[in-house]
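In what follows, a single structure is set out as C-alpha cells and then discussed.
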Amino acid sequence: MRKCIATVSVSGTLTEKLAAIAAAGFDGVEIFENDLISCPLSPERIRDRAADLGLGIDLYQPLRDFEAAGPATLKHNLRRAERKLRLMERLGAGTLLVCSSVSPEAADDDELAAAHLHALAELAARHGVRVAYEALAWGRHVNDYLHAWRIVQLADHPNLGTCLDSFHILSRGSDPIGIEAIPGDKVFFLQLADAPLPAMDVLQWSRHYRCFPGQGGFDVPGLVRHVLNTGYRGPLSLEVFNDVFRQSDARRTALDAMRSLIALEEALDRRAPGPVIPTGFAFAELTTGTANTGTATAARTGGPSAGDTVPPASGAAATLVGLLAALGFTRTGAHPTKPVEMWEQGAARILLNATGTEAALAAIGLETPDPAASVRRAEDLLAPVLPRERAPEEVPLEAIAAPDGTQIFFCRSGRPDHPDWTGDFTRGPAPSSGCVTRVDHVALTQPWHHFDEASLFYRSVLGLRPLESVEVPEPSGLLRSRAMAGPDEGVRMVLNQARVGAGQTPWQHVALACDDLRGLARRLCAEHPGLLLPIPGNYYDDLEARHDVGPEIRELGLLYDKDEHGEFLHLYTITVGRVFFEIVERSGGYRGYGAANAAVRLAVQHARGPGAP
C-alpha cells in the first residue's frame with residue numbers, strides 16, 4: 001500500500017521536511033497548512049519540489065469550523081474554502097481534510113451540517129478535489145466517527161467521504177468494528193497514530209505535571225481559606241511531583257517553592273499591600289557586543305573610568321544604530337562614565353550598551369510609583385538585588401535579577417518628587433516626534449526548566465496577570481509562550497520557553513507601539529527594505545482568504561490579526577545577534593499579541609539562520 005506522512009509529524013521548514021520524508025522512502029505527503037503558509041516558495045514550486053523528490057501531495061489540511069454555522073458564517077466559510085481549493089489546484093493536492101467543528105457557533109443539527117458539506121463538496125468538485133470529513137475527538141457536536149459517517153450519508157455527494165483517524169477513534173474508546181459498515185470507496189483517507197493508554201489521566205497529571213501555587217490554574221488560595229476557616233493552624237506544606245523540577249538545581253527550585261508560599265500567604269491576607277504595579281517601560285537596554293571589557297553588569301558595577309567615551313559603532317552596534325535611526329529614533333544622550341547611549345522617540349527609550357559578547361536584551365527599566373517599595377517587595381519574594389557601584393553624583397537606580405538573568409530596574413522618570421535617572425546622561429538633541437509612541441511589550445526567552453518559575457516571578461514580584469499558555473508551531477517543534485500584563489496593560493511581557501536541543505537561537509525582542517504603521521512601513525520599504533523581515537506570499541494568500549484586507553497589507557509586508565476587541569497590525573525587523581524589533585499598531589482595543597502570526601515569523605527566522613541579518 002502507498003505510504004504517506006503528514007508534514008506536521010517531522011521538524012524543520014517545509015522544504016527540509018519534504019527532503020527528509022523522501023529520503024525515508026515515503027510515497028506521498030499530507031501538507032499541513034501552517035507549513036505552507038510559512039514557506040517562501042509558491043504552491044507551484046512546492047508541487048514541483050515534491051515531484052522532483054518522488055512525492056505526491058495526497059492531502060491538504062485542515063479546513064476547520066466549516067459546517068452547521070449561521071448564514072453569514074457559511075458565506076464567509078465558502079469564500080474561505082474557494083481560496084483554499086484554488087490553492088490546492090496550484091499545489092496539485094486532490095483531497096481536502098475537513099475537521100468537525102469546535103466552534104461555539106456550530107449548531108447541533110445533522111441536516112444543516114450535511115447541507116453545508118454538500119455545498120462544499122459541490123464547490124470542490126469544480127476544482128477536481130475530494131473532501132474528507134473527520135470527527136475530532138473533541139468536536140463540539142460531532143466527535144465520533146460513525147456520527148461523521150451519518151452526516152456524510154445525509155449529504156450524499158460523490159466528492160464527499162470520510163477520513164478515519166486512529167487516534168480520534170481509539171482515544172474515545174470507540175469500537176472500531178463499526179468501520180466495516182462504511183463502504184470502502186467512501187473512506188477517502190486513513191490517518192494512523194498510536195499513543196499511551198490512557199493518553200492522560202489524573203494519575204499521570206498528578207505524578208508529572210504538578211507545580212507550585214501561582215504557577216498553574218487552580219484557585220489554591222480559595223481552597224486554603226476554606227481549610228483555615230475550619231480552625232486549622234498546622235503547616236502549609238508543598239507536595240509537588242514534577243519532572244522538570246526533578247531535573248533542575250535543587251537550591252533554585254527550593255527558592256521558587258518558598259516564593260510561592262510567600263505569595264500565597266499574601267493572597268490570604270486581605271490587609272497585605274500587594275505588589276507595586278509598574279505603569280510602563282522606562283527603557284529597554286541592549287548590549288551590542290562592541291567593547292572587549294567585561295559584561296553589561298561589569299560596566300554597570302564600576303564600568304570605564306571617567307572620561308571614557310562610547311567606542312565608534314561597528315558590527316552589531318552599527319547595525320543597531322542604523323536600525324534605530326531608520327525607525328525614527330534620535331540619539332539624545334550619552335553616559336559620561338559608561339559606554340551607554342540613549343536613543344529616544346516619543347516615550348520609547350532604547351539604551352545601547354557597548355559591552356557583552358553579542359547583541360541582546362540585557363535589561364528593562366520599569367516605571368513605578370515607588371521604586372524603593374518595589375525593591376523591598378522583590379527582596380521579600382527572594383529576588384536577588386544586584387550590587388551596583390555608582391559615582392556620587394549619579395542617581396540611585398536599583399536592579400533585581402529575573403530568573404533568566406535579565407536585569408530589571410525600577411524607575412520614576414521625569415517626576416519632580418524623585419531623582420530622574422535620565423539626568424545622568426549628557427543630553428543631545430531632543431527626541432524625535434515620529435510615529436513610535438512607546439514600548440508596547442518585551443518578549444523574553446526562558447530556559448525550558450525555568451519557564452514556570454519566571455511566570456510566578458513576574459506574577460508575584462510585579463503583579464502581572466498571566467494569560468493562558470499557547471503553543472506555537474515552529475520548524476523545530478512547538479514553542480510554548482505565555483503573555484503577562486499589568487491591570488492597566490501599561491506593562492506587557494511575553495515569556496517564551498526555550499527548547500531543548502542544539503541549533504536553537506534564544507531570540508528576544510522589543511515591541512514598539514506605533515500610531516501610523518502603514519506610513520512607517522511605506523518609508524522603510526522605500527528607504528531601508530533590507531531592514532524588514534520578509535514575509536512569504538503564501539501567508540498573504542491565506543490571510544486574504546480569511547479576512548477582508550486590502551492589497552496594501554501584502555505590499556507593505558505587514559502582518560494582521562484581529563480579536564473581538566479590535567485589529568492588530570505588526571511587522572518585524574531583521575535580527576541582530578539575539579534581538580530584533582517588532583512594530584505594532586493596535587486599534588479598537590485589541591488585546592492580543594499577534595500569536596496567530598508567530599509561526600510565520602519563526603519559520604522565516606529559522607530559514608535565515610541564527611543571527612542572520
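The values are calculated or read from the model by the stated rules, or taken from the named source; none is laboratory data. This one's a predicted model, so the numbers in the text were calculated from it and none came from an experiment. Counting neighbours? That spans all protein chains shown, and the Cβs are built from the backbone with ideal geometry, glycine included. Note: areas computed on protein heavy atoms with side chains; ligands, DNA, RNA excluded. Shrake-Rupley method; radii C 1.70, N 1.55, O 1.52, S 1.80 Å.
Data overview
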{"quantity": "Residue in region 379-395 that is at pLDDT 95 or above and open to solvent by less than 50 Å² (accessible area, probe 1.4 Å) present", "calculated": "no"}
{"quantity": "Selected residue (only one of LEU41, LEU112, LEU36, LEU97 is closer than 18 Å to ALA125 by Cα and either modelled with pLDDT of 95 or more or not in a loop (DSSP other than H, G, I, E, B) (or both))", "calculated": "LEU97"}
{"quantity": "In region 311-369, the residues that are hydroxyl-bearing (Ser, Thr, Tyr) and open to solvent by 40 Å² or more (accessible area, probe 1.4 Å)", "calculated": "SER314, THR319, THR357"}
{"quantity": "Candidate set: region 573-603, residues that are aromatic (Phe, Trp, Tyr) and under 18 Å from HIS547 (Cα atoms); chosen: the one most open to solvent (accessible area, probe 1.4 Å)", "calculated": "TYR593"}
{"quantity": "Filter result for the condition that a residue is in a strand (DSSP E or B), touching a Leu at 6+ places or on another chain (Cβ under 7 Å) and β-branched (Val, Ile, Thr), over ILE5, ILE57, ILE21", "calculated": "ILE57"}
{"quantity": "Residue match in region 20-28 (condition: touching a helix residue (DSSP H, G or I) at 6+ places or on another chain (Cβ under 7 Å), buried (at least 18 other Cβ atoms within 10 Å of the Cβ) and within 24 Å of VAL604 (Cα to Cα))", "calculated": "no"}
{"quantity": "Residue satisfying condition, being open to solvent by 80 Å² or more (accessible area, probe 1.4 Å), in a helix (DSSP H, G or I) and either in contact (Cβ under 8 Å) with a residue 12 or more places away in the chain or not acidic (Asp, Glu) (or both), within set LEU154, LEU146", "calculated": "LEU154"}
{"quantity": "Region 451-475, subset in contact with a Gly (Cβ under 7 Å, 6 or more places away or on another chain) and not in a loop (DSSP other than H, G, I, E, B), residue most open to solvent (accessible area, probe 1.4 Å)", "calculated": "ARG459"}
{"quantity": "Any pair with Cβ under 7 angstrom, 6 or more apart, that starts in region 32-55 at a residue that is among the acidic types (Asp, Glu) and ends at one that is open to solvent by 40 Å² or more (accessible area, probe 1.4 Å) and modelled with pLDDT of 95 or more", "calculated": "GLU44/ARG90"}
{"quantity": "Check on GLU585, acidic (Asp, Glu) and either part of a helix (DSSP H, G or I) or touching a residue at least 24 places away in the same chain (Cβ under 8 Å) (or both)", "calculated": "yes"}
{"quantity": "Cβ-Cβ under 6 Å pairs, at least 6 apart or on other chains, region 348-377 side free of Cβ contacts under 8 Å to residues at least 24 places away in the same chain, far side outside any strand (DSSP E or B) and open to solvent by less than 30 Å² (accessible area, probe 1.4 Å)", "calculated": "none"}
{"quantity": "Those residues of region 1-10 which are surrounded by 15 or more Cβ atoms within 10 Å (Cβ to Cβ) and hydroxyl-bearing (Ser, Thr, Tyr), in sequence order", "calculated": "THR7"}
{"quantity": "Residues of region 392-423 classified as out of contact with any Phe, Trp or Tyr (no Cβ under 9 Å at 6 or more places or on another chain) and of a type in the set (Phe, Trp, Tyr), total", "calculated": "1"}
{"quantity": "In region 257-300, residue modelled with the highest pLDDT [restricted to those that are within 20 Å of ALA454 (Cα to Cα) and among the charged types (D, E, K, R)]", "calculated": "GLU285"}
{"quantity": "Residue within region 32-49 that is closer than 17 Å to GLU134 by Cβ and in contact with a Lys or Arg (Cβ under 7 Å, 6 or more places away or on another chain) present", "calculated": "no"}
{"quantity": "Checklist (1) modelled with pLDDT of 85 or more; (2) open to solvent by less than 60 Å² (accessible area, probe 1.4 Å) applied to GLY184, failing item", "calculated": "(2)"}
{"quantity": "Residue under evaluation ASP488, criteria (1) assigned to a strand (DSSP E or B); (2) open to solvent by 10 Å² or more (accessible area, probe 1.4 Å); (3) not β-branched (Val, Ile, Thr), criterion not met", "calculated": "(1)"}
{"quantity": "Residues of region 572-592 that turn out to be small (Gly, Ala, Ser) and touching a helix residue (DSSP H, G or I) at 6+ places or on another chain (Cβ under 6 Å), as a count", "calculated": "1"}
{"quantity": "Condition met for GLY322 (under 17 Å from VAL576 (Cβ atoms) and part of a loop (DSSP other than H, G, I, E, B))", "calculated": "no"}
{"quantity": "Given (1) assigned to a loop (DSSP other than H, G, I, E, B); (2) open to solvent by less than 60 Å² (accessible area, probe 1.4 Å), index of the condition GLU105 fails", "calculated": "(2)"}
{"quantity": "In region 514-555, the residues that are part of a loop (DSSP other than H, G, I, E, B), in contact with a strand residue (DSSP E or B) (Cβ under 7 Å, 6 or more places away or on another chain) and touching a residue at least 12 places away in the same chain (Cβ under 8 Å)", "calculated": "ASP515, LEU533, ILE535, HIS547"}
{"quantity": "Index of the failed condition, HIS565 passing every other in (1) touching a strand residue (DSSP E or B) at 6+ places or on another chain (Cβ under 8 Å); (2) closer than 30 Å to ALA267 by Cβ; (3) surrounded by fewer than 17 Cβ atoms within 10 Å (Cβ to Cβ)", "calculated": "(1)"}
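Rundown of residues vs (1) modelled with pLDDT of 95 or more; (2) small (Gly, Ala, Ser); (3) surrounded by 21 or more Cβ atoms within 10 Å (Cβ to Cβ), yes/no style:
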| residue | (1), (2), (3) |
| --- | --- |
| ASP516 | yes, no, no |
| LEU533 | yes, no, no |
| TYR540 | yes, no, no |
| LEU558 | yes, no, yes |
| LEU571 | yes, no, yes |
| PRO610 | no, no, no |
| PRO613 | no, no, no |
